[in-house]
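So the structure is just underneath, and the comments pick up after that.
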Amino acid sequence: MTAWPQPFDLAATLTCGQCFRWKRNADGSFSGVAGGRMLTVSPQSPGDALGDPFWRRYFDLESDYAAICAGLAAQSPVLAAALAETPGVRILRQDPWEALCTFILSQNNNIPRITGIVERLCACFGDPLPGGGRSFPGPERLAACSVEDLAPLRCGFRASYVLDAARRVAGGLSLEEIGRLPLAQAREALRQIRGVGPKVAECALLYGLHRLDAFPVDVWMNRAMASFFPGVQPETFGPYAGVAQQALFVYSRNHPDQVREPARRAAKSRKR
């Protein structure tokens with residue numbers, strides 16, 4: 001039986017919050033849609049995925065994560081511990097438009113709710129695929145919609161943000177060109193889109209444009225950085241800061257006591 005290239009943890013990669021179109025099946029396999037293609041794979045066997053250039057690229061199987069993680073682990077004992085616990089998490093190479101759109105929808109939301117909104121978005125506006133799934137709707141399809149058209153998604157205030165993004169991209173804004181800009185300029189270009197703040201811009205860069213130097217920060221990452229790396233800026237982690245971020249994010253969620261306790265001690269010390 002052909003195995004996945006190592007290190008690679010399929011389940012951790014697909015459930016760590018970087019994508020929203022994969023479902024775990026009763027037998028432990030995962031079924032999902034990307035790039036207008038459907039796939040079912042298991043942690044034990046990639047099936048036909050290894051022989052398909054699209055899926056090899058999507059799962060980023062050509063990158064040497066062993067070397068990347070070794071370099072990051074050498075920077076800090078905390079990073080070493082986080083990476084040791086999440087050695088097989090890879091940064092997927094998602095479609096830039098899909099990543100931007102889904103992370104706009106992710107604002108002030110949890111993963112089950114985001115997944116539900118994305119499912120309804122594809123069911124309402126995606127094209128049917130062989131096998132019964134639906135593609136992710138392109139920006140041109142959504143650009144022609146109104147806020148009222150998106151009401152069945154139940155995505156609230158995010159609807160107008162999605163429409164602004166769709167109209168800009170359909171009108172000629174090239175996400176690929178943005179992805180080739182220096183990181184600070186790329187962030188600023190994305191933040192011209194209505195509703196795209198620092199976190200969404202960083203997620204679009206990391207997960208959609210594969211800018212591994214991007215570093216999304218949310219509540220958990222703020223706590224982790226304050227606890228483990230006070231005063232340290234994300235760029236300190238170098239060109240693979242996004243890989244460090246993903247490991248620290250999963251590690252902090254798995255060990256909330258290690259994250260919160262240092263933060264409480266720091267707060268107490270400031271009061272003295």
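Could you list, in sequence order, all residues of segment 19-42 that are in contact (Cβ under 8 Å) with a residue 40 or more places away in the chain, surrounded by fewer than 18 Cβ atoms within 10 Å (Cβ to Cβ) and in contact with a helix residue (DSSP H, G or I) (Cβ under 9 Å, 6 or more places away or on another chain)? Break it down into steps so the answer makes sense when it comes.
Initial filter on segment 19-42 (in contact (Cβ under 8 Å) with a residue 40 or more places away in the chain): 19-21, 33-38.
Next, from what is left, pick out any that are surrounded by fewer than 18 Cβ atoms within 10 Å (Cβ to Cβ): 35-38.
Result: GLY35, ARG37.
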Residue check for LEU153: buried (at least 20 other Cβ atoms within 10 Å of the Cβ) and over 30 Å from MET221 (Cα atoms) = no
query = Any idea how many residues of segment 120-136 are without any contact (Cβ under 8 Å) to a residue 12 or more places away in the chain and assigned to a helix (DSSP H, G or I)?
reply = 1
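Listed here are the residues, each with its yes/no results for (1) of a type in the set (D, E, K, R); (2) out of contact with any strand residue (DSSP E or B) (no Cβ under 6 Å at 6 or more places or on another chain).
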residue: SER29; (1), (2): no, no
residue: VAL33; (1), (2): no, yes
residue: ARG37; (1), (2): yes, yes
residue: GLN44; (1), (2): no, yes
residue: GLY47; (1), (2): no, no
residue: LEU50; (1), (2): no, yes
residue: SER63; (1), (2): no, yes
residue: ALA67; (1), (2): no, yes
residue: ALA70; (1), (2): no, yes
message = Take residues that are assigned by TED's automatic domain parsing to the domain that holds ILE111 and under 19 Å from ASN109 (Cβ atoms) and tell me which of the helices (runs of 4 or more DSSP H) falling wholly in segment 137-222 contain 3 or more.
response = 158-170, 198-203
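Looking at the structure I just gave you, is GLY242 outside the structural domain of ASN109 (by TED's automatic domain parsing), closer than 30 Å to LEU163 by Cβ, at pLDDT 95 or above and in a helix (DSSP H, G or I)? Full working, then the answer.
On the way: outside the structural domain of ASN109 (by TED's automatic domain parsing): yes; closer than 30 Å to LEU163 by Cβ: yes; at pLDDT 95 or above: yes; in a helix (DSSP H, G or I): yes.
When the stated conditions are applied, GLY242 passes them.
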ask   = Residues of segment 60-78 being in contact with a helix residue (DSSP H, G or I) (Cβ under 6 Å, 6 or more places away or on another chain) and modelled with pLDDT of 95 or more, which ones?
value = ILE68, CYS69, LEU72, ALA73
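A quick yes/no check of all residues on (1) farther than 21 Å from ALA186 by Cβ; (2) surrounded by 22 or more Cβ atoms within 10 Å (Cβ to Cβ); (3) without any contact (Cβ under 8 Å) to a residue 24 or more places away in the chain:
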site	(1), (2), (3)
ALA74	yes, no, yes
ALA80	yes, no, yes
PRO87	yes, no, no
GLN94	no, yes, no
CYS101	no, yes, no
ASN108	yes, no, yes
ILE111	yes, no, no
ILE114	yes, no, no
note = Residue hits (segment 79-97; touching a Ser or Thr at 6+ places or on another chain (Cβ under 9 Å) and farther than 27 Å from SER174 by Cβ) are ALA82, GLY88, VAL89
query = Which condition breaks for TYR161 when tested against (1) surrounded by 14 or more Cβ atoms within 10 Å (Cβ to Cβ); (2) under 17 Å from the mean Cα position of the chain (by Cα)?
reply = (2)
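The values are calculated or read from the model by the stated rules, or taken from the named source; none is laboratory data. It should be emphasised that the depicted structure is a prediction, and the values quoted were computed from it without experimental measurement. Cβ: placed from backbone, ideal geometry, glycine included. Neighbour counts: every protein chain shown.
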